[in-house]
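The values are calculated or read from the model by the stated rules, or taken from the named source; none is laboratory data. Predicted model only: the values in this text are computed from it and were never measured. Don't worry about glycine lacking a Cβ; one is built from the backbone with ideal geometry, like all the others, and counts go over all protein chains shown. Accessible surface areas use protein heavy atoms only, side chains included; no ligands, DNA or RNA. Shrake-Rupley method; radii C 1.70, N 1.55, O 1.52, S 1.80 Å.
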Amino acid sequence: MTDKVQGNGMDIAAYMAEVGQQARAAATQVARSTTATRNQALLATAEALDAARNELAVANSKDLEKGRENGLDAAMLDRLELTPQRIDTMIEGLKQVASLPDPIGEITGMTYRPSGIQVGKMRVPLGVIGIIYESRPNVTVEAASLCLKSGNATILRGGSEAIHSNQAIAACLAQGLAAAGLPEAAVQVVRTTDRAAVGELITMPRYVDVIVPRGGKGLIERISRDARVPVIKHLDGVCHVYIDSHADPEKALKVAVNAKTQRYGTCNTMETLLVDREVASDILPLLASAFEEKGVELRGCPETREIVPGAGEATEADWGEEYLAPILAVRVVEGLDGAIEHINRYSSQHTDSIITENYTRARRFITEVDSSSVMVNASTRFADGFEYGLGAEIGISTDKIHARGPVGLEGLTSQKYVVFGDGHIRT
């Protein structure tokens, strides 16, 4: 990357460096602020959003008009639209985050050492969090509120299609921060749509401590490949449900149908169903009928197609596919060993579930399946920060270092050791 990248008449490198410097300075002030101050900023932002409904609507209409001119499809336009109900949801979300327990400053694990010192760990902010996302302007509020509550400064780079909406929301965030006496640079929404800004943001380790990409696989692959800053991310949601030979058929049917059909376009939706050979001939016809009623296309292995003649043929590519659509891959496996082998080969390490009444098999499954969420007799759709009691989430992580699974407030913090003594010296 050259020192000076020009875009829209702007020196992108210089602009992003300035944003980074301001964020780093603001992070220090936010980190030492009180819980009450940060909550005040969140609640003041909620009031500012409520008062700015007309301004938000005007800004959003510009984005929608531009989106139609650029040929955005109906689904993208729907995600882009800020309806009155979605503004209500943003306001309510700010209030909910303000009500969550503050993790900052919590000290745990205090123990006395033989030397007489006390050693523990204290939870602290990460510092400056860069978040890159697409289309939905409400993410601007969600991301800002979680970062602020956890004592961090944040740099937000939304999709170019939502630039006017995001800047209108940014103005409300600035009002909220000012009302609480916090620096406006604690939450900065990048003003340029030039893609070079992303390249700068992910290569500024001096100013940015972690990057959180939220978007399609292409975006996340690019960020993961090019970033010089640690990244919290997941690429795919290839989630499995395995029906064991010791499963309760009624539970199996209910969970499998919910895991696939409750919502199709989410990363925690089941994409592959595995069935133990011992029960396949009994349970698969029932499942096939239920999925047919829901309009789900089945793509099966040879054994599956023998039992369910209406199923299409699954190819090798299907076992690793995240459909995000009413399509389901189905495979008959040789018991628990076959299921674990298949999952650990094809899973994206997001969420996998076993349906069984056998405690020993359930324990083996949760021990040997290497995913960020592993479930017993529950739908994969529960893999969600709200459902896990985190209050809210900034995304899902399938990484193994730092945060794994739904990332809530605690996932946006780190820990440092604290030591208490009374004049102790080491001899």
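May I ask you to verify whether T427 is in contact with a Lys or Arg (Cβ under 7 Å, 6 or more places away or on another chain) and farther than 29 Å from K251 by Cα? Outline the logic, then answer.
On the way: in contact with a Lys or Arg (Cβ under 7 Å, 6 or more places away or on another chain): no; farther than 29 Å from K251 by Cα: yes.
Taking the combined requirement at face value, the residue does not satisfy it.
State whether the residues of the stretch 383-399 include one that is β-branched (V, I, T), in contact (Cβ under 8 Å) with a residue 24 or more places away in the chain and assigned to a loop (DSSP other than H, G, I, E, B). Reasoning before the result, please.
Residues of the stretch 383-399 that are β-branched (V, I, T), as a first pass: 394, 396, 398.
So of that shortlist, the ones also in contact (Cβ under 8 Å) with a residue 24 or more places away in the chain come out as 394, 396, 398.
From what is left, the residues that are assigned to a loop (DSSP other than H, G, I, E, B) are 394, 398.
Yes, the stretch 383-399 contains at least one residue that is β-branched (V, I, T), in contact (Cβ under 8 Å) with a residue 24 or more places away in the chain and assigned to a loop (DSSP other than H, G, I, E, B).
Among E134, E106, E92, which is the only one that is open to solvent by 70 Å² or more (accessible area, probe 1.4 Å), in contact with a strand residue (DSSP E or B) (Cβ under 9 Å, 6 or more places away or on another chain) and over 17 Å from E410 (Cβ atoms)?
One residue alone meets the criteria, E134.
Restricting to the stretch 225-261, name every residue that is over 23 Å from D384 (Cβ atoms) and either surrounded by fewer than 15 Cβ atoms within 10 Å (Cβ to Cβ) or out of contact with any Lys or Arg (no Cβ under 9 Å at 6 or more places or on another chain) (or both).
R225, D226, A227, R228, V229, P230, A247, D248, P249, E250, listed by residue number.
Conditions: (1) more than 17 Å from H164 (Cα to Cα); (2) open to solvent by 80 Å² or more (accessible area, probe 1.4 Å). E65 meets all but one. Number of the miss?
Failed condition: (1).
Restricting the stretch 28-40 to residues that are among the hydrophobic types (A, V, I, L, M, F, W, C) and touching a residue at least 24 places away in the same chain (Cβ under 8 Å), which is surrounded by the fewest Cβ atoms within 10 Å (Cβ to Cβ)?
A31
Against the condition open to solvent by less than 10 Å² (accessible area, probe 1.4 Å), outside any helix (DSSP H, G or I) and of a type in the set (G, A, S), how does A325 come out, does it pass?
Values: open to solvent by less than 10 Å² (accessible area, probe 1.4 Å): no; outside any helix (DSSP H, G or I): yes; of a type in the set (G, A, S): yes.
Criteria not met by A325.
Does any residue of the stretch 118-127 turn out to be buried (at least 17 other Cβ atoms within 10 Å of the Cβ) and in contact with a Leu (Cβ under 7 Å, 6 or more places away or on another chain)?
So far as the stretch 118-127 goes, yes, one or more of its residues are buried (at least 17 other Cβ atoms within 10 Å of the Cβ) and in contact with a Leu (Cβ under 7 Å, 6 or more places away or on another chain).
Quick check on this structure: which one of G310, G295 is over 22 Å from V374 (Cβ atoms), outside any helix (DSSP H, G or I), touching an Asp or Glu at 6+ places or on another chain (Cβ under 9 Å) and open to solvent by 30 Å² or more (accessible area, probe 1.4 Å)?
Among G310, G295, only G310 is over 22 Å from V374 (Cβ atoms), outside any helix (DSSP H, G or I), touching an Asp or Glu at 6+ places or on another chain (Cβ under 9 Å) and open to solvent by 30 Å² or more (accessible area, probe 1.4 Å).
Being under 20 Å from the mean Cα position of the chain (by Cα) and either over 21 Å from H424 (Cα atoms) or assigned to a loop (DSSP other than H, G, I, E, B) (or both), is that true of even one residue in the stretch 111-125?
Yes, the stretch 111-125 has at least one match.
Here's the yes/no breakdown for (1) buried (at least 20 other Cβ atoms within 10 Å of the Cβ); (2) assigned to a helix (DSSP H, G or I); (3) modelled with pLDDT of 95 or more:
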| position | (1), (2), (3) |
| --- | --- |
| L42 | yes, yes, yes |
| A46 | yes, yes, yes |
| L49 | yes, yes, yes |
| E55 | no, yes, yes |
| M76 | no, yes, no |
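Give the residues of the stretch 25-40 that are part of a helix (DSSP H, G or I) and either out of contact with any Asp or Glu (no Cβ under 9 Å at 6 or more places or on another chain) or under 13 Å from A179 (Cβ atoms) (or both), sorted by residue number.
A25, T28, Q29, V30, A31, A36, T37, R38, N39, Q40
Criterion first (more than 26 Å from the chain's Cα centre (by Cα) and modelled with pLDDT of 95 or more) does T367 satisfy it?
On the way: more than 26 Å from the chain's Cα centre (by Cα): no; modelled with pLDDT of 95 or more: yes.
Against the criterion (more than 26 Å from the chain's Cα centre (by Cα) and modelled with pLDDT of 95 or more), T367 does not qualify.
Is there any pair linking a residue in the stretch 177-196 that is open to solvent by less than 60 Å² (accessible area, probe 1.4 Å) and at pLDDT below 95 to one that is assigned to a helix (DSSP H, G or I) and charged (D, E, K, R), with Cβ under 8 Å and at least six apart or on different chains, and which?
Final answer for the pair search is none.
Identify all residues within the stretch 197-214 that are open to solvent by 40 Å² or more (accessible area, probe 1.4 Å) and modelled with pLDDT under 95; write none if there are none.
Answer for the stretch 197-214, where residues must be open to solvent by 40 Å² or more (accessible area, probe 1.4 Å) and modelled with pLDDT under 95: just R214.
Being in a helix (DSSP H, G or I), closer than 23 Å to L235 by Cα and of a type outside the set (S, T, Y) is the filter here; which residues of the stretch 259-292 pass it?
The answer is A259, K260.
For the stretch 400-427, how many residues meet the condition of being in a strand (DSSP E or B) and surrounded by fewer than 18 Cβ atoms within 10 Å (Cβ to Cβ)?
7
Considering only the stretch 341-392, how many residues are surrounded by fewer than 21 Cβ atoms within 10 Å (Cβ to Cβ), among the charged types (D, E, K, R) and within 30 Å of C147 (Cβ to Cβ)?
Summing the residues that are surrounded by fewer than 21 Cβ atoms within 10 Å (Cβ to Cβ), among the charged types (D, E, K, R) and within 30 Å of C147 (Cβ to Cβ) in the stretch 341-392 gives 3.
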